[in-house]
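A short worksheet on the structure shown next.
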Amino acid sequence: MIPVVHDGQVVPANSVIITFTFDHRYVDGAHGSHLLRRFQKVFANPDAYRRVFDGETSAISEPQGKK
């Protein structure tokens, strides 16, 4: 757990550390960064997380024009 500020109070919150290792000969930093952003989007939003595991891929899609 890590300390976070919520409603002006410091409270404990759950935290997850995720690391990725990519072979730069096959995946450049932009693709790895994109994958990390998608993970963050899913895990930061419990509803999106549930929809992904129900098979709804639109829960993690990037809006058009954003990469």
Do we have any residue at all in region 34-52 that's at pLDDT 80 or above, part of a helix (DSSP H, G or I), under 16 Å from the mean Cα position of the chain (by Cα) and aliphatic (A, V, I, L, M)? yes
Extreme residue, modelled with the highest pLDDT, among residues of region 1-33 that are of a type in the set (A, V, I, L, M, F, W, C) and surrounded by 10 or more Cβ atoms within 10 Å (Cβ to Cβ): Val11
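The values are calculated or read from the model by the stated rules, or taken from the named source; none is laboratory data. Everything numeric here is computed off the predicted structure, so don't read it as measured data. When we count neighbours, we look across all protein chains shown, and the Cβ atoms used for this are built from the backbone with ideal geometry, even at glycine.
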